[in-house]
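Down below is the structure, laid out as structure tokens.
The values are calculated or read from the model by the stated rules, or taken from the named source; none is laboratory data. This one's a predicted model, so the numbers in the text were calculated from it and none came from an experiment. Positions of Cβ are backbone-derived with ideal geometry, glycine not excepted, and every protein chain shown enters the neighbour counts.
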Amino acid sequence: MAPLITKILLATDFSDCATLAQDYALLLASTWKADLAILHVLEFQPGMDPELPVNRVYLEQLRKDAEQHLTQLRAQVARRGLTGESRHVTGIPSLRIAQEATEVGADLVVLGTHGRTGLAHVLLGSTAERVIASAPCPVLTVRMQREPARPQTAAAIPSIRRLLVPVDFSDYSLEALEYAAQLAKQCGAALTLLHVMEPVAYGLDFTLALGEDAQATRAGLEARLADLAAPLLAQGLAVEQHVRGGTPIDSILGWTSHQACDLIVMGTHGRRGLSHLASGSVAEAVLRRAPCPVLTVKSPKFGPGRQRH
């Protein structure tokens, strides 16, 4: 079986959030002995004339700042004993990141969910979510928490010890589970499989009503999760499986708030049931609110040429 990750694309705007994302890119590159490609996009909208004097001055200052930051970042990567390359390009960040991921053959894109402006929702909608939608490979997004970014030292590199994998038994979630299993094996991490047993109806007072056969349904779901966990346990992985009632978004976020979780690995699409109609995209909501990084696997394959094993 080919290694899961051989090339990581780190997209950075040098913000505090991007620095946290860099921590994870370095960790995974070290874990997988992967090459690291670093990209910074000089944001320049289509229709603007780069030859206008004011635009030339603007772009030149952006290039100077970018090269200074990239030089520092290359030195940090070298101190970790990693190999890679870096460059800056001009354009719309989400488009150029996805294009670069394709061109360099990235197995994983890593980026922060918001940048220098601090407008988490605005940038998330315009960059991270669009990268997830258009990138040819899984995407790891790192959300800024209240604490500032940590200094770049060996001790600052995070660890990945427990993965949460929401499973709704769709192809997307099963692909995410396979990805998470390979990641857990390489990182020496434990897996938690979580299925959310959704209500069959919403009451007029907006309470959630479960069917009369809820216990039988739960037992069947627990059996299905056990079937998924069995081959993973046979491989020596530490695996737990849980069924919770409620809506997927609240249940997933609730779990991460009360249980140890270093990373959520999930599909970007699932079964189009009640939760999708009532709450929008589950993956989108988790990305915006999860207290830990989220790795999304968007299709029934990990990338071009890769097949399920």
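Of everything in region 56-77, what is more than 24 Å from P46 (Cβ to Cβ), among the hydrophobic types (A, V, I, L, M, F, W, C) and either without any contact (Cβ under 8 Å) to a residue 24 or more places away in the chain or loosely packed, with under 15 Cβ neighbours inside 10 Å (or both)? Give them in sequence order.
Within region 56-77, A75 is the sole residue that qualifies.
Can you pull out every residue in region 141-159 that is modelled with pLDDT of 85 or more and either crowded, with 21+ Cβ neighbours inside 10 Å or among the hydroxyl-bearing types (S, T, Y) (or both)?
Within region 141-159, T141, V142, R143, S159 qualify.
Determine which single condition L39 fails, assuming it passes every other condition in (1) assigned to a strand (DSSP E or B); (2) surrounded by 22 or more Cβ atoms within 10 Å (Cβ to Cβ); (3) modelled with pLDDT under 95.
Condition (3) is where L39 drops out.
Residue check: is E100 in a helix (DSSP H, G or I) and free of Cβ contacts under 8 Å to residues at least 40 places away in the same chain?
The answer is no for E100.
Regarding D35, is this residue of a type outside the set (K, R) and touching a Gly at 6+ places or on another chain (Cβ under 6 Å)?
Spelling it out, D35 is indeed of a type outside the set (K, R) and touching a Gly at 6+ places or on another chain (Cβ under 6 Å).
If we only count helices (runs of 4 or more DSSP H) wholly inside region 237-309, which ones have 1 or more residues that are over 15 Å from the mean Cα position of the chain (by Cα) and modelled with pLDDT of 85 or more?
Per the criteria, 248-258.
Looking only at residues in region 56-89 that are assigned to a strand (DSSP E or B) and either aliphatic (A, V, I, L, M) or at pLDDT 90 or above (or both), which one is farthest from Q22 (Cα to Cα)?
V89
Scan region 4-20 and give yes if some residue there is part of a helix (DSSP H, G or I), under 23 Å from the mean Cα position of the chain (by Cα) and within 18 Å of V89 (Cβ to Cβ), otherwise no.
There is at least one residue in region 4-20 that is part of a helix (DSSP H, G or I), under 23 Å from the mean Cα position of the chain (by Cα) and within 18 Å of V89 (Cβ to Cβ).
Test K64 against the stated conditions and say whether it is of a type in the set (D, E, K, R) and touching a helix residue (DSSP H, G or I) at 6+ places or on another chain (Cβ under 7 Å).
Spelling it out, it is not the case that K64 is of a type in the set (D, E, K, R) and touching a helix residue (DSSP H, G or I) at 6+ places or on another chain (Cβ under 7 Å).
Could you give every pair whose Cβ atoms fall below 7 Å, whose first residue belongs to region 172-193 and is closer than 22 Å to A25 by Cβ and at pLDDT 95 or above, and whose second residue is among the polar types (S, T, N, Q) and not in a helix (DSSP H, G or I), counting only separations of at least 6 or pairs across chains?
Partner pairs satisfying both residue conditions: K185/Q235.
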